[in-house]
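Participant: Dropping the structure in here first, questions after.
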Amino acid sequence: MLARSYIEKILDYAVSYGADYAEVFFEDAKRTKINLVDSQVSRCACGRDSGIGIRVFRRLRSEYLYSTDIREEKVLKLMKERLSIGGVFGKRAPLSSLYPHEIVSEGMLPHDMELKRKVSLLRDALEAGKCEGSFIVQGRVCYVDEEQQVQIANTEGMYAEDRRIRTRTRFSMVAANEQDESRQTGFVGPGAMKGPGVLQPEILITHAKRAARRAENMLGARPCPVGRMPVIIANGFGGLFFHEACGHSLEGSSVADGCSEFSDKLGTQIASEKVTLIDDGSMSGEWGSLGIDDEGVLTKKNVLIERGILKGYLLDRLNARRMGLLPTGSSRRESYRFAPVSRMTNTYIVPGTDRFEDMVGSIEKGLLVKDINAGSVDPATGEFNFNTGETYLIENGRIIMPLMSATLIGTGREILPRVDMISDDFVMEQGYCYAGSGQIPIGVGQPAVRIAEMTVGGKEL
């Protein structure tokens, strides 16, 4: 870790070049990645990465620079080259300490478990998954763990240290039926802000078997119908739908520039009264959680939509400054190589009181989407499209058959008011988000949600 005197020198140097705010982010991260294919190790990598990122504000303009070489002469030279506009030596507040609670459980760090033990546990789970069904022909698992230590300080006097421990496995099981030449893949990717103590054999086996059942359930899938119809987005990773459909449009990087469909909409009704949307980076042990965000602000529960009313945005320091608001503990980055921006952490729809059986029973013809493979959105227009994973046809109130991947199309402002039923079967799941500040871990969650009508792309039956 960096000496505090060195951090203070960097901050002093920044204000001497005319910055009215400066921030130092130092990171030292150790990572392990293991991939197995049919129980054979196809990749095993252990590495360490460290570096420093420095950001300065001049009113509403910002400059970001980073270096893997943290020697004082190199960093100060880089600052002199990049911050060439001089200024009167300014004042900064003396650094004070903030040590947030470390969200680490199981009493185990990644290096506490031998690499051989990790491989053995993954191999056993993969073998159990392959034996789950007669049509399973291949199994894969990707494993990653990380120990990231950070120091963050700024000219407002904030100084913080944090240690983030994460572990995730992602099973993918392939099922094939030679008779109709169909082939399907099922995915399950549990992760947590915990050490490898979460790798309990019975839990890993359960996840591998679940992925295998998902793959077999989709064999014989028919082409998906097209048109306008009701859609049920199932609990768990179905939450990625709302992450994309409205979450990105509530991030400060879109809102502050007036480029979001929800800019200047605070206090207005943008969704059905059924919808309450939360982003909470302080949830203990969750994959998308942080003790502090990447600007040193304590994470917290942010209510974005409450009973359909827009209550707040996700704001980093710069965009909060632009909007005259306070940061929300939502600033994130993949590493020191990226300037931080407002991003989601653990985003979820609050459970409702409707029964899942009633939701299905209410549909004459529509879809049940259990999994979202990928999605994208234009925050300015709110236009989104999603490629679905495990999908089923509903007819006359019954789940009839599996369907090939569908495309869900619409805008956030169109879809949110059409949410007319929300169940109580809430589940959180884990994934990654890719945006301007790189790849970051996120949690998504929801109970089952029914959208009265939306556009579905696919092929006619």
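Only the coordinates and a few stated rules stand behind these numbers; no lab work does. Only a predicted model underlies this, so the values are computations on that prediction, with no experimental measurement involved. Here Cβ is always computed from backbone atoms with ideal geometry, including for glycine, and neighbour counts include all displayed protein chains.
Participant: Per residue of the chain, what 222 nm ellipticity follows from adding -39500 (n - 2.57) for every DSSP H run with n ≥ 4, rounded to the nearest 500?
Facilitator: Value at 222 nm, helices only: -5000 deg cm²/dmol.
Participant: Can you compute the modelled spin-label distance between residue 325 and residue 358, with each label point 7 Å from Cα toward Cβ, in nm?
Facilitator: Output for this residue pair reads 3.4 nm.
Participant: A follow-up question, please. Give or take rounding to whole Å, what are the principal axis extents of the alpha carbon atoms in region 353-413, in descending order?
Facilitator: 37, 28, 18
Participant: Could you tell me which of rounded, prolate or oblate describes region 172-302, using a ≥ b ≥ c as the square roots of the eigenvalues of the alpha-carbon gyration tensor, with rounded for a/c under 1.5 and, failing that, prolate when a/b is larger than b/c and oblate otherwise?
Facilitator: Oblate, since a/c reaches 1.5 and b/c is not below a/b.
Participant: Still on this structure, please answer the following. Can you flag which of 130/209; 30/77; 33/209; 118/194; 9/91 are past 18 Å Cα-Cα?
Facilitator: Flagged as over cut-off: 30/77; 33/209.
Participant: Quick check: from the Cα gyration tensor, does region 104-194 come out rounded (a/c under 1.5), prolate or oblate?
Facilitator: Verdict is prolate for region 104-194.
Participant: Please report, to one decimal in angstroms, the Kirkwood hydrodynamic radius of region 384-437 built from all distinct Cα-Cα pairs.
Facilitator: Hydrodynamic radius (Kirkwood, Cα only) of region 384-437 equals 14.5 Å.
Participant: Given region 227-457 reduced to its alpha-carbon atoms as identical point scatterers, what log10 I(q)/I(0) does the Debye formula return at q = 0.07, 0.13, 0.15 Å⁻¹?
Facilitator: With one equal scatterer per Cα and no solvent, log10 I(q)/I(0) is -0.21, -0.71, -0.93.
Participant: Now for a separate question. If you average 1/r over every pair of different alpha-carbon atoms in the chain and take one over that average, what Kirkwood value in Å do you get?
Facilitator: About 23.6 Å, per the Kirkwood formula over Cα pairs.
Participant: Let me ask you something else. Where does the charge balance sit around residue 383 when Lys and Arg score +1, Asp and Glu -1, over other residues with C-beta under 12 Å from its C-beta?
Facilitator: Summing Lys and Arg as +1 and Asp and Glu as -1 gives -3.
Participant: Can you give me the Rg/Rh ratio for region 1-157, using Cα atoms for both radii and the Kirkwood formula for Rh?
Facilitator: 1.19
Participant: Place a point 7 Å from Cα of residue 453 in the direction of its Cβ. Which residues in region 228-257 have their backbone N less than 20 Å from it?
Facilitator: 228-233
Participant: Which values, in whole Å and largest first, are the semi-axes of the equivalent ellipsoid of region 28-90 obtained as the square root of 5 times each eigenvalue of the Cα gyration tensor?
Facilitator: Its equivalent ellipsoid spans semi-axes of 40, 14, 8 Å.
Participant: Also: With 10 angstrom as the radius, rank 111, 207, 248 by how many other C-beta atoms surround their C-beta, starting from the fewest.
Facilitator: Ascending Cβ contact count within 10 Å gives the list 111, 207, 248.
Participant: Which number comes out as Rg/Rh for region 272-334 once both Rg and the Kirkwood Rh are worked out on C-alpha atoms?
Facilitator: My calculation puts Rg/Rh at 1.01.
Participant: Antiparallel versus total DSSP beta bridges in region 227-457: what percent is that, nearest 5?
Facilitator: 85 percent
Participant: Pop out the ³J(HN,Hα) list for region 39-46 in order, Karplus 6.51 cos²θ - 1.76 cosθ + 1.60 with θ = phi - 60°, rounded to Hz; leave Gly and Pro as x.
Facilitator: My calculation for region 39-46 gives 6, 9, 6, 9, 7, 8, 9, 10 Hz in order.
Participant: What is the mean projected area of the alpha carbon convex hull for region 246-376, to one decimal in square nanometres?
Facilitator: 9.8 nm²
Participant: Still on this structure, I have one more. How much length, in nm to one decimal, is gained on full extension between residue 49 and residue 84, taken as 0.36 nm per residue of separation minus their Cα-Cα distance?
Facilitator: 9.7 nm
Participant: Want the number for residue 20 to residue 374: 0.36 nm per residue separation, take away the alpha-carbon distance, what's left?
Facilitator: 123.4 nm
Participant: Can you list the HN-Hα couplings for region 141-146, worked out from phi with the Karplus curve (6.51, -1.76, 1.60; θ = phi - 60°), rounded to whole Hz and with x for Gly and Pro?
Facilitator: So the J values, rounded to whole Hz, are 9, 10, 10, 9, 9, 8.
Participant: Among 76, 199, which comes first, second and so on when ranked by fewest other beta-carbon atoms within 10 Å?
Facilitator: Ordered from fewest to most neighbouring Cβ atoms within 10 Å, 76, 199 come out as 76, 199.
Participant: In addition: Based on other C-beta atoms within 10 Å, arrange 1, 359, 323 from fewest to most.
Facilitator: 1, 323, 359
Participant: Gap in Å between the Cα centre of region 368-421 and the Cα centre of region 155-209?
Facilitator: One Cα centre to the other: 23 Å.
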